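The values are calculated or read from the model by the stated rules, or taken from the named source; none is laboratory data. What you see is a predicted model, and the numbers here were worked out from it, not measured in a lab. We place every Cβ from the backbone using ideal geometry, glycine too, and count neighbours over all the protein chains shown.
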Amino acid sequence: MPDAVEVEDVTRVFEPRKKKDERVVALDEVSLTIPEGEIHGLLGPNGAGKTTLVKILSTVLLPTSGRARVCGHDVVEETKAVRPLIGIVFGGERGLYWRLTGRQNLEYWGALYRLPPAAVRERTRTLLERVGLADRADQRVEQYSRGMKQRLHLARGLIGDAKVLFLDEPTTGMDPIAGREFRTLIGELKGEGRTILLATHDMVEAETVCDRVTLIDRGKIIATESPRSLGHVISRFQRVDVEGAPEPVLGRIAALEGVSAVTRTEDGGARIEVSEEGATAEVLRRLVDAGVTSVRTSLPSLEEVYVQLIGERGLEV
Amino acid sequence: MSGLRHTLHVLALAARNGFLDYSVTFTWKTWLSGWYLRVLAQVVFFALMGRLLGSTEQVHYLLLGNAVMLAALGSLFAVAGTTWERRAGTLPLLVASPSSPVVVFVGRSTWALVDGFLSSLGALFVVAPLFDLGLPWPRALLIPLLVALVGASAYALGTFLGGLVLRAMSTRNVVANVAWTTILAIGGVNVPVDFYPRPVEWFAHALPLTHGLQAIRDLVGGAPLATLLPNVALELAVGTAWLALALLTFDRLAEGGRRDGSIEFGG
């Protein structure tokens with residue numbers, strides 16, 4: 001069985017349309033494989049190439065070079081085979097017909113996905129219930145809140161029973177509760193065996209729902225790992241949390257090579273940041289020698305990994 | 001669902017969508033008190049120009065030409081139809097859907113066809129008696145059919161131009177204005193087609209309205225119905241040709257956006 005998404009050395013260059021514009025390499029020989037049923041996060045700052053990759057995979061943009069396949073079908077040559085298999089959901093308030101009701105929107109897109117009218121009606125009803133819009137189904141979309149629009153977006157993306165869903169920053173602008181509900185829905189979709197590519201800035205979102213994440217910056221993939229093991233990619237960036245460490249001991253540790261910072265925490269403990277391979281062992285030895293027994297090491301969170309790998313530029317998002 | 005039934009279903013849904021959008025611009029009251037009064041004034045203005053020229057024949061020529069022109073003018077609003085999808089952010093979703101975008105665009109602007117049809121007939125049947133243009137009954141019952149044919153023919157041109165505009169959205173109003181001004185100028189609305197040099201005349205024959213308007217003039221002038229048929233057939237042929245061109249090029253033009261990256265998510 002082919003992988004749900006296969007990307008091989010895909011490059012996309014935007015040539016300048018006007019003299020003042022610059023040539024932009026949005027994707028630079030990107031390769032990525034997403035097995036069926038995986039929720040895959042695509043993380044990166046603005047302009048990293050996330051949306052460009054999603055657009056290529058969803059057949060609305062051609063790559064300059066390289067190949068990409070969805071469920072084994074080439075996204076350039078076999079669009080007729082790819083399009084019924086995919087659903088696209090993007091963030092924000094666009095992509096819906098505001099004058100239509102939620103139900104009419106879904107029925108419209110259902111027809112475009114060539115479903116028979118009876119199947120469209122049934123699927124629309126099911127999806128509206130699923131995304132919690134059954135009570136507002138016959139209200140015009142212009143009267144929906146942002147969270148409701150986003151849920152309708154997701155329902156629209158599912159109307160064709162997509163095997164692969166492309167979600168491009170789907171929770172942009174959602175309040176935390178709506179975002180959490182949305183992530184729950186995404187988790188349910190995984191249970192149905194759907195493959196999801198989730199382009200996002202949101203670390204919590206990626207960490208919560210993704211099986212694996214790919215960090216992308218300036219059109220290049222930096223790393224692809226599970227959110228937890230991604231920390232190992234930068235294992236030198238460890239941290240040691242201690243309790244009851246005497247101040248002189250902390251002072252000596254701070255002076256060690258490979259220790260980037262020692263900070264006091266609010267509960268009276270301390271956090272030692274290590275930035276070089278092997279330095280953690282020396283820190284632990286010094287702490288144990290000093291009789292400190294309450295010691296805990298941990299890997300950085302996904303957000304910390306993101307900042308370390310992509311740099312402060314990533315915080316612009 | 002068969003291909004034809006599917007296409008008709010999508011057309012109907014797209015048409016409903018377009019009418020709902022249009023209902024935000026006009027209600028019946030504002031359409032009658034705003035748009036309809038405007039088009040009445042326009043036809044009256046040209047009829048008065050004829051009166052200024054001192055010829056009843058000119059009055060009737062200008063009245064009939066400008067009233068029928070409204071059908072073409074309305075239909076050419078379809079040129080901008082593609083812009084609405086881009087504004088709604090639905091263009092990439094349409095391109096990535098298993099259906100052809102051209103079916104959606106053909107359906108989406110049918111309000112313009114209906115608007116033009118009602119404007120044209122509304123102006124003709126109201127203004128004609130004011131300027132003693134006698135409409136022969138019951139032959140005049142064929143006028144709505146011919147006006148519909150003119151509107152449909154112009155709608156086909158509008159859909160073709162809408163495909164071109166898809167690649168250069170900023171030109172949508174210019175393209176629509178150039179199209180209807182050209183038809184107005186050389187299609188026999190105010191000046192007979194044979195007034196112009198031969199190449200311009202040939203070009204006019206390839207435009208919507210030219211033949212349909214002539215058929216309506218002949219009908220109102222009392223010509224035998226059989227003599228109308230060549231012009232009716234030519235109007236039908238012109239409309240079919242523009243529609244065929246639209247169908248042939250539209251998807252290709254939309255696909256062109258995949259190459260240059262002009263199909264934006266959410267924009």
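Tabulated values for the structure
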quantity	calculated
Which listed residue is outside any helix (DSSP H, G or I), over 26 Å from A:ARG228 (Cβ atoms) and away from chain B (no Cβ under 11 Å), from A:PRO63, A:PRO16	A:PRO16
Matching entry among A:GLY187, A:GLY193 (being under 30 Å from A:MET148 (Cα atoms) and outside any loop (DSSP other than H, G, I, E, B))	A:GLY187
Search result, residues across the stretch A:155-173 that are in contact with a strand residue (DSSP E or B) (Cβ under 7 Å, 6 or more places away or on another chain) and either more than 10 Å from chain B (Cβ to nearest Cβ) or assigned to a loop (DSSP other than H, G, I, E, B) (or both)	A:LEU158, A:GLY160, A:ALA162, A:LYS163, A:VAL164, A:LEU165, A:LEU167, A:GLU169, A:PRO170
Residue in the stretch A:204-212 that is among the small types (Gly, Ala, Ser), surrounded by fewer than 22 Cβ atoms within 10 Å (Cβ to Cβ) and touching a Gly at 6+ places or on another chain (Cβ under 9 Å) present	no
Unmet requirement for A:ASP9, which otherwise passes all of (1) at pLDDT 90 or above; (2) farther than 20 Å from A:ALA206 by Cα; (3) surrounded by 15 or more Cβ atoms within 10 Å (Cβ to Cβ)	(3)
Options B:LEU229, B:LEU253, B:LEU234, B:LEU207: the member that is over 30 Å from A:LYS80 (Cβ atoms) and touching a Gly at 6+ places or on another chain (Cβ under 8 Å)	B:LEU207
So A:SER31, is it surrounded by fewer than 21 Cβ atoms within 10 Å (Cβ to Cβ), more than 28 Å from A:ASP202 (Cα to Cα), among the hydroxyl-bearing types (Ser, Thr, Tyr) and touching an Asp or Glu at 6+ places or on another chain (Cβ under 9 Å)	no
Considering residues of the stretch B:1-33 that are under 20 Å from the mean Cα position of the chain (by Cα) and away from chain A (no Cβ under 14 Å) only, the residue surrounded by the fewest Cβ atoms within 10 Å (Cβ to Cβ)	B:LEU32
Checking A:VAL10 against (1) under 22 Å from A:LYS220 (Cα atoms); (2) within 13 Å of another protein chain (Cβ to nearest Cβ); (3) in contact with a Pro (Cβ under 7 Å, 6 or more places away or on another chain), the condition it does not meet	(2)
Scope the stretch B:5-20; condition more than 13 Å from B:ALA78 (Cβ to Cβ) and either touching a helix residue (DSSP H, G or I) at 6+ places or on another chain (Cβ under 7 Å) or among the aliphatic types (A, V, I, L, M) (or both); matching residues	B:THR7, B:LEU8, B:HIS9, B:VAL10, B:LEU11, B:ALA12, B:LEU13, B:ASN17, B:PHE19, B:LEU20
Matching residues in the stretch A:85-130 - criterion: being in contact with an Asp or Glu (Cβ under 6 Å, 6 or more places away or on another chain) and among the small types (Gly, Ala, Ser)	A:GLY91
Given (1) under 22 Å from the mean Cα position of the chain (by Cα); (2) touching a residue at least 40 places away in the same chain (Cβ under 8 Å); (3) under 30 Å from A:PHE14 (Cβ atoms), index of the condition B:ILE263 fails	(1)
